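The values are calculated or read from the model by the stated rules, or taken from the named source; none is laboratory data. Predicted, not measured: the structure shown is a model, and the values here were computed from it. All Cβ positions, even for glycine, are placed from backbone atoms using ideal geometry, and neighbour counts span all protein chains on display.
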Amino acid sequence: MSGQTAAVESVQSLAHDGTFPPVSDLSMIRLSVPARIGSMIFPVCLTDKDDEMVNEDNSSCVTTGWGTRKSTLDLHADIMHMARVKSLSEKACKTGWGDGFSMKFLLCTDAAASTSCLGDSGAPLMCANNGVYYLVGLTTGGGKKCEPQKPAVFTRVSAHHSWIQHFIKNA
């Protein structure tokens, strides 16, 4: 497996609103040269409508990352891991995170694969729709000690679709 290195040309971030979980935990990175698309690096689709994909009953989602595999180990994995996760309802998310949790800007999944407590902040949450995977979330947070009652929290990408499109068009 060969890697790629590219300098970062610019970073654009949404202003943090001071809440937890934050509703605006998102940055866009522009590379100095385009990434070389291949068998290990490929684009993911974006959508401004993800309600069906993140529905608790219908979701088929995965998250990936290089964080540790157990909350009790202080080691960094050298291979990417993938976990299938189940989207949770807003009620279940509020049970774990309180009444301030809003699915307008956030998503949450079962804590069994909570990458957010294992060093993978920013990791993607991708859900399938008709066999095509879409980026629907980015890991934002979770329980500090991987507590099972604390669902993994993701920034909802569709909530920021127009901001992302604006960034891409003004490149």
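Among the residues of the range 28-66, just one is touching a helix residue (DSSP H, G or I) at 6+ places or on another chain (Cβ under 6 Å) and within 19 Å of residue 91 (Cβ to Cβ), namely 50. Checked against the criteria, residue 168 does not count as surrounded by fewer than 20 Cβ atoms within 10 Å (Cβ to Cβ), modelled with pLDDT of 85 or more, touching a helix residue (DSSP H, G or I) at 6+ places or on another chain (Cβ under 9 Å) and at negative phi. Checking each residue in the range 1-60 for being in a loop (DSSP other than H, G, I, E, B), β-branched (Val, Ile, Thr) and under 22 Å from residue 137 (Cβ atoms) picks out 19, 23, 41, 44, 47, 54. For the range 25-34, the criterion of being modelled with pLDDT under 85 and among the small types (Gly, Ala, Ser) is satisfied by no residue at all.
Among the residues of the range 78-90, is there at least one that is at pLDDT 80 or above, out of contact with any Gly (no Cβ under 6 Å at 6 or more places or on another chain) and farther than 24 Å from residue 132 by Cα? There is at least one residue in the range 78-90 that is at pLDDT 80 or above, out of contact with any Gly (no Cβ under 6 Å at 6 or more places or on another chain) and farther than 24 Å from residue 132 by Cα.
Taken over the range 3-33, the criterion of being out of contact with any Lys or Arg (no Cβ under 9 Å at 6 or more places or on another chain), free of Cβ contacts under 8 Å to residues at least 24 places away in the same chain and farther than 28 Å from residue 85 by Cα is satisfied by 5, 15. Can you confirm whether residue 25 is surrounded by 13 or more Cβ atoms within 10 Å (Cβ to Cβ) and in contact with a helix residue (DSSP H, G or I) (Cβ under 8 Å, 6 or more places away or on another chain)? Considered against the rule, which asks whether it is surrounded by 13 or more Cβ atoms within 10 Å (Cβ to Cβ) and in contact with a helix residue (DSSP H, G or I) (Cβ under 8 Å, 6 or more places away or on another chain), residue 25 comes out as no.
Condition check ((1) touching a helix residue (DSSP H, G or I) at 6+ places or on another chain (Cβ under 7 Å); (2) exposed (fewer than 15 other Cβ atoms within 10 Å of the Cβ); (3) modelled with pLDDT of 90 or more; (4) among the β-branched types (Val, Ile, Thr)) across all residues:
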| residue | (1), (2), (3), (4) |
| --- | --- |
| 113 | no, no, no, no |
| 121 | no, no, no, no |
| 134 | no, no, yes, no |
| 151 | yes, no, no, no |
